[in-house]
Amino acid sequence: QVELVESGGGLVQAGGSLRVSCAASGGTFSNYAMAWFRQAPGKEREFVARINWSGDNTIYADSVKGRCTISRDNAKNTVSLQMNSLKPEDTAVYYCAAGGRLGVQGYVGVSYWGKGTLVTVSS
């Protein structure tokens, strides 16, 4: 059983930057690809970014490509999402996820979810 705990959310002005992080415990962190998702008020949860187990392969949603960077530290069992040039539409609860892959029909196979951290971008 892997526990994921997100941190780093908060209020930021449009154009600003924020880094959210996720700490994993209870399992072998490096066994898992890690991903970030987000859910805005009234909307479905959506994929944001994924990083493979070794950190040398990343995938981003088009909506954040060029503005966000996902990274991981297997020695510290953490994964982070650096978000720059934030927009009000980036306002959402950001969730960390362990496992899974991005397929033709969407992201599948998540093994564990965190409880999320709220990011609010003011205009």
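Whenever a residue of segment 1-20 is more than 26 Å from residue 77 (Cα to Cα), it has no partner that is modelled with pLDDT under 95 and part of a strand (DSSP E or B) lying with C-beta atoms less than 6 angstrom away and at least six residues away or across chains. When residue 119 is tested against (1) crowded, with 16+ Cβ neighbours inside 10 Å; (2) closer than 26 Å to residue 1 by Cα; (3) not acidic (Asp, Glu), just one condition goes unmet, and that condition is (2).
Let me confirm something: among 42, 8, 16, which residue is under 24 Å from residue 123 (Cβ atoms) and either touching a Leu at 6+ places or on another chain (Cβ under 6 Å) or of a type in the set (Lys, Arg) (or both)?
16
For segment 81-94, the set of residues classified as open to solvent by 10 Å² or more (accessible area, probe 1.4 Å) and either in contact with a Lys or Arg (Cβ under 7 Å, 6 or more places away or on another chain) or not hydroxyl-bearing (Ser, Thr, Tyr) (or both) consists of 82, 84, 85, 87, 88, 89, 93, listed by residue number.
Each residue in segment 69-108 was checked for being touching a strand residue (DSSP E or B) at 6+ places or on another chain (Cβ under 6 Å) and free of Cβ contacts under 8 Å to residues at least 24 places away in the same chain, and 2 of them qualify. None of 11, 102 is modelled with pLDDT of 95 or more and not polar (S, T, N, Q) except 11. Scanning segment 10-62 for residues that are open to solvent by 60 Å² or more (accessible area, probe 1.4 Å) and among the small types (Gly, Ala, Ser), which turns out nearest to residue 113 (Cα to Cα)? Checking each candidate, the answer is 26.
The values are calculated or read from the model by the stated rules, or taken from the named source; none is laboratory data. Treat the numbers as computed from the prediction; the structure is a model and nothing was measured. Cβ atoms come from the backbone with ideal geometry, glycine included; neighbour counts cover every protein chain shown. Note: areas computed on protein heavy atoms with side chains; ligands, DNA, RNA excluded. Shrake-Rupley method; radii C 1.70, N 1.55, O 1.52, S 1.80 Å.
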